[in-house]
1. Compute the length gained on full extension between residue 95 and residue 261: take 0.36 nm times their separation in residues and subtract their Cα-Cα distance, giving the result in nm to one decimal.
2. Take residue 133 and residue 148, extend 7 Å from each Cα along the Cα→Cβ direction, and tell me the distance between the two endpoints in nm.
3. Got a sec? Which residues in the range 22-36 would a label at residue 62 touch, if it sits 7 Å along Cα→Cβ and we count backbone N under 11 Å?
4. DSSP loop (so not H, G, I, E, B), at most 16 other Cβ within 10 Å: list which chymotrypsin sites (Phe, Trp or Tyr not before Pro) in the range 95-160 pass both filters.
5. If r is the Cβ-Cβ distance from residue 111 to residue 248 and R0 is 25 Å, what FRET efficiency results, to the nearest 0.05?
6. With +1 on each Lys and Arg Cβ and -1 on each Asp and Glu Cβ, how big is the dipole of the chain about its Cα centre, in debye rounded to the nearest 20?
7. Pairs 158/262; 104/262; 131/214; 104/248; 114/158; 104/206: which are spaced more than 23 Å apart, C-alpha to C-alpha?
8. With unit charges on the beta carbon (Lys/Arg positive, Asp/Glu negative), name the residue among 187, 106, 264 whose Cα is farthest towards the positive pole of the charge dipole of the chain.
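Nothing in this text is a laboratory measurement; each read-out follows from the coordinates by a stated rule. In this text, all values refer to a predicted model and were calculated from it rather than measured experimentally. Neighbour counts are summed over all protein chains in view; Cβ atoms, including those assigned to glycine, are modelled from backbone coordinates with ideal geometry.
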Amino acid sequence: MRSPFLILPEQLTAEGKADQDAIRPLRDSEIELDELARFLEERHSHRVGYYFENLIDYWLQHSADASQVKRQIRIANEERTIGELDFAFRNRAGELCHWEAAVKFYLYSPRPNKDGSHWLGPNARDYLEKKWNRLRTHQLPLAARHFDEPVRSMPFVKGILFQPLLGESGDAPLIGQPPEFTAPQHQTGHWVHYRNLAHLPENWQKRRFQELCKPYWFTVPNSFDGESSHTSASSLNEHFQNQPERTKHPRYFATFTQADSKWSETERLFVVPDNWPNLPAA
């Protein structure tokens, strides 16, 4: 919850940042780990976004700054569902607040899709502008139509934008410029095709890699000693060369560097199929 925003709340509501800052993150002493584990297990899902929403749910339910917390509020028009609100609650001032929550990962493609977007998801059918437009034109305005009192709506969108580590032929990459509606301090990472794992820059050759599985893509690994199997750049490349069936889908890694005999996380890396983003011919 402490990570930077991906989409800038102020772009949609002038006071959005104040709303989020007013809900203080829980201190470690306020989190009962066994209770949190049960809470998440009862709502278990492999979907990254749903896991993210579960953590927000736990946070708001246990925060002294929020009350009357409701989640997944169905919005209907003459019995026909037209949408759903992710979260609604009252802040300390008693004001009604509405959050639309998401955690998103977008990779810069030098070649745009048919709608002109360069920022595509690991599944390239999803893209950054699509999410932005959905929030702006549909999800956030829903609350004002549903409630009979003023409501403070804001996007609660976290995530990472990934720049290409290498060009198509293993040469220098083209660096993408994020859209203006993204937060200036958003989190960043890199992506690479499987075929280019053998050509990582020298400083990357010294790193270690730990694969992160869904739904834990945005969590921080508990520990890393640098000795796990298939963690060096060379062994990672060899592993996928020997098991090409594992290169059909994107895989997500935390990367680590060593200093003073201690391994620390450096950044996140997506490794994607060689045909990604597999866009149709223009």
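1. 54.7 nm
2. Simple spin-label model gives 3.6 nm for this pair.
3. Taking a point 7 Å out along Cα→Cβ of residue 62, the residues of the range 22-36 whose backbone N falls under 11 Å are 26-36.
4. Sparse-neighbourhood loop chymotrypsin sites (Phe, Trp or Tyr not before Pro): 147.
5. Once the sixth-power term is evaluated, E becomes 0.75.
6. Here the chain has a charge dipole of around 580 debye.
7. Exceeds cut-off: 158/262; 104/262; 114/158; 104/206.
8. Checking the options against the dipole of the chain, the answer is 106.
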